[in-house]
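Engineer: Before I ask anything, let me first share the structure, which is written out below as structure tokens.
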Amino acid sequence: MKKNGIKIILAVAVVLVAIVGLSSIFVTQKNEYKLVRMFGRVDRVIDEEGLNFKIPFVEQVDTLPKQVLLYDLPMSDVITSEKKTMVADLYVLWKIDDPLKFAQSLSGSIGNAQSRINANVYEALKTVIGSMTQAEVISSRDGELSRKIIENIGTSMDEYGIALVGVETKHLDLPSDNKAAVYERMISERSQIAAQYTANGESQSQIIKNATDKEVSIMISDAKAKAATITAEGEAEYMKILSAAYNDADRADFYNFIISLDAAKASLINGNKTLILDEDSPIAQIFLGE
């Protein structure tokens, strides 16, 4: 009987030791922080993955995410510097940068963190859009607006151990009741600007065309003048050569003979091979040897 009692006591002791041993061990994953609390106060933070130990029944372990989290802000109305209403819908990418501050200031609660992010981001959104015109807000949706919001928030989230990774715009538009009127006005303004650009372009085009036409006219005039000069010089040279040729009797007879042959050749057209000449014709006199 005593032996059975001893065995039971030993079995209970082993179970208690196993329970105590298991309750003193916890594992930290690479995408999480572990907060070890003693009597409700954070005693230490574990941010390296692996096996860790705690005092059983005295220390408790809370888990916080290490990865980037997303918080979707409620859609809200904002007012521009022109006192015009716009509808904004944003979301925030954030992460816990300092888990100890996060636990001390926000009790380690994700819900408390989201409430604080909502208040700070919305306040920054109102301030930034309140300093811009409606047209500037619309043209800043390519990332400029998000940058200004983050700049306005600055380091105000540091005291909560939170780092903002980005503020992105899902929807930023005009209220439905005045959207059409604003778009029509914007289209009209853009049309006026386009018309002004077109008029300026046509004016510059005409100036360029006039200048080009003038340059072409001057070039053609100069070319004609040079051609006339060259033609005159050629004709003068031709007359000079001709005069020199006719000053020599033998050369004069030869040129007369060549000219007469060319004239005879020119008269033999359309297959006509018969040439009828008057005996007084200079050509006939050449052929007759007179």
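The values are calculated or read from the model by the stated rules, or taken from the named source; none is laboratory data. This one's a predicted model, so the numbers in the text were calculated from it and none came from an experiment. Neighbour counts are summed over all protein chains in view; Cβ atoms, including those assigned to glycine, are modelled from backbone coordinates with ideal geometry. Calculation scope for accessible area: heavy atoms of the full protein, side chains included, ligands and nucleic acids excluded. Shrake-Rupley method; radii C 1.70, N 1.55, O 1.52, S 1.80 Å.
Engineer: Restricting attention to region 85-140, and to residues there that are in contact with a Ser or Thr (Cβ under 7 Å, 6 or more places away or on another chain) and under 19 Å from residue 158 (Cβ atoms), which single residue is least open to solvent (accessible area, probe 1.4 Å)? Can you show your working first?
Structural biologist: Step one: of region 85-140, the residues in contact with a Ser or Thr (Cβ under 7 Å, 6 or more places away or on another chain) are 86, 88, 90, 120, 122, 129-134, 137.
Filter once more, keeping what is under 19 Å from residue 158 (Cβ atoms): 120, 122.
On the way: 120: 31, 122: 69 Å².
Filtering first and then ranking leaves 120.
Engineer: Name the one entry in 211, 163 that is over 30 Å from the mean Cα position of the chain (by Cα) and hydrophobic (A, V, I, L, M, F, W, C). It would help to see each step written out before you state the result.
Structural biologist: Working: 163 fails: over 30 Å from the mean Cα position of the chain (by Cα).
After applying the criteria, what remains is 211.
Engineer: Listed residues 197, 183; which is at pLDDT below 85 and among the aromatic types (Phe, Trp, Tyr)? Even if it seems obvious, please write down each step before you answer.
Structural biologist: Numbers: 197 fails: at pLDDT below 85.
Just one listed residue meets the conditions, 183.
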